[in-house]
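Student: Attaching a single structure in structure tokens format; questions to follow.
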Amino acid sequence: MIRQRKAETDEGIQNEITVEVFDKFARTMRDKGWNNVDSFIKAGICSGNVLEIGPGPGYVGLEWLKGVPEATLTGCEISPAMIRTAEKNAQDYGLTERVSYVEGNCMEMPFQDKTFDAVFSNGSLHEWENPVRVFNEIARVLKPGGLFCISDMRRDVSPMLKWLVYFSTKPKEIRPGFLTSLNAAYTAEELTELFCQSALKNAAVQKDFFGLSLSGKIQ
Ligand SMILES: C[S@@+](CC[C@H](N)C(=O)[O-])C[C@H]1O[C@@H](n2cnc3c(N)ncnc32)[C@H](O)[C@@H]1O
């Protein structure tokens with residue numbers, strides 16, 4: 001039986017120490033190549049003026065950006081401490097000229113209509129208080145024909161996989177947070193019900209062994 005979803009806050013990861021621990025964790029994920037950049041490329045997101053929602057310490061977007069020399073990236077992030085870390089990481093990647101981070105809540109993004117060619121996000125969806133509002137915001141800030149791809153964990157993973165990932169997650173201080181995030185994650189069926197109520201209703205959901213992604217194109 002699938003556990004009932006338990007929501008997280010929409011405040012993101014704010015505390016400096018938690019941000020430092022998350023930065024270490026995200027770096028280990030980057031080093032293992034577990035970053036979902038392939039899903040964004042498969043969705044056709046490989047150029048243009050692109051928005052990342054909830055970049056956290058930035059590795060996912062920076063890994064994507066280093067492989068697409070013509071693109072620029074803007075991160076919309078609710079946590080100022082995460083933005084400071086992402087800016088430092090962007091310097092280490094040598095990509096500061098093509099990336100910028102803006103403090104903002106993705107439920108009410110600080111961007112004009114039709115600003116971006118594409119939007120992507122990884123591992124942030126389960127933290128959004130109202131995903132339908134965010135999906136409508138994504139549709140608003142995309143140009144006509146704009147692409148989107150939102151990836152996250154899924155709650156209905158097998159218990160064996162869940163505990164395997166739990167015990168292999170480093171640093172170990174992140175493990176309780178991993179469980180609360182997984183308990184807040186959606187199943188593909190729940191996500192389908194949500195995006196069908198939004199302006200992204202022509203999207204498609206795909207599942208893999210651990211996660212899911214929502215992708216498509218704005219008319
Ligand atoms: C679990 S982290 C994932 C970070 C990164 N995308 C990754 O895959 O490593 C989720 C990020 O989303 C941010 N976030 C959560 N709710 C948000 C919101 N409403 N608007 C903008 N960012 C948000 C958090 O502050 C956090 O940095």
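The values are calculated or read from the model by the stated rules, or taken from the named source; none is laboratory data. A quick note: this is a predicted structure, and the numbers were derived from the prediction, not measured. Here Cβ is always computed from backbone atoms with ideal geometry, including for glycine, and neighbour counts include all displayed protein chains. These area figures cover heavy atoms from the full protein model, side chains too; ligands, DNA and RNA do not enter into them. Shrake-Rupley method; radii C 1.70, N 1.55, O 1.52, S 1.80 Å.
Student: Go through the range 99-156 and tell me which strands (runs of 3 or more DSSP E), entirely inside it, have 3 or more residues that are of a type in the set (Gly, Ala, Ser) and at pLDDT 95 or above.
Tutor: 142-153
Student: Sticking with this structure for a sec: Quick check on this structure: which one of Lys42, Lys32, Lys88 is touching a strand residue (DSSP E or B) at 6+ places or on another chain (Cβ under 9 Å) and charged (D, E, K, R)?
Tutor: Values: Lys32 fails: touching a strand residue (DSSP E or B) at 6+ places or on another chain (Cβ under 9 Å); Lys88 fails: touching a strand residue (DSSP E or B) at 6+ places or on another chain (Cβ under 9 Å).
On inspection, the qualifying residue turns out to be Lys42.
Student: Follow-up question, since we're still on this one. Of all residues being open to solvent by 70 Å² or more (accessible area, probe 1.4 Å) and not acidic (Asp, Glu) in the range 111-129, which is farthest from the ligand (Cβ to nearest atom)? Just the residue, please. Break it down stepwise before answering.
Tutor: Going residue by residue through the range 111-129, those that are open to solvent by 70 Å² or more (accessible area, probe 1.4 Å) are 112-114, 129.
Okay, now just the ones that are also not acidic (Asp, Glu), so 112, 114.
Numbers: Gln112: 18, Lys114: 20 Å.
Of everything passing the filter in the range 111-129, Lys114 is farthest from the ligand (Cβ to nearest atom).
Student: For the subset of the range 11-45 comprising residues that are surrounded by fewer than 17 Cβ atoms within 10 Å (Cβ to Cβ) and closer than 16 Å to Ser213 by Cβ, which member is modelled with the lowest pLDDT?
Tutor: This residue is Trp34.
Student: Among the residues in the range 176-193, are any open to solvent by 20 Å² or more (accessible area, probe 1.4 Å), of a type in the set (A, V, I, L, M, F, W, C) and within 23 Å of Asn49 (Cα to Cα)?
Tutor: no
Student: Take the residues in the range 77-105 that are among the acidic types (Asp, Glu) and within 12 Å of the ligand (Cβ to nearest atom); name whichever of them is least open to solvent (accessible area, probe 1.4 Å).
Tutor: Step one: filter the range 77-105 for residues among the acidic types (Asp, Glu), giving 77, 87, 92, 97, 103.
Adding the requirement that they be within 12 Å of the ligand (Cβ to nearest atom) leaves 77, 103.
On the way: Glu77: 14, Glu103: 116 Å².
Of everything passing the filter in the range 77-105, Glu77 is least open to solvent (accessible area, probe 1.4 Å).
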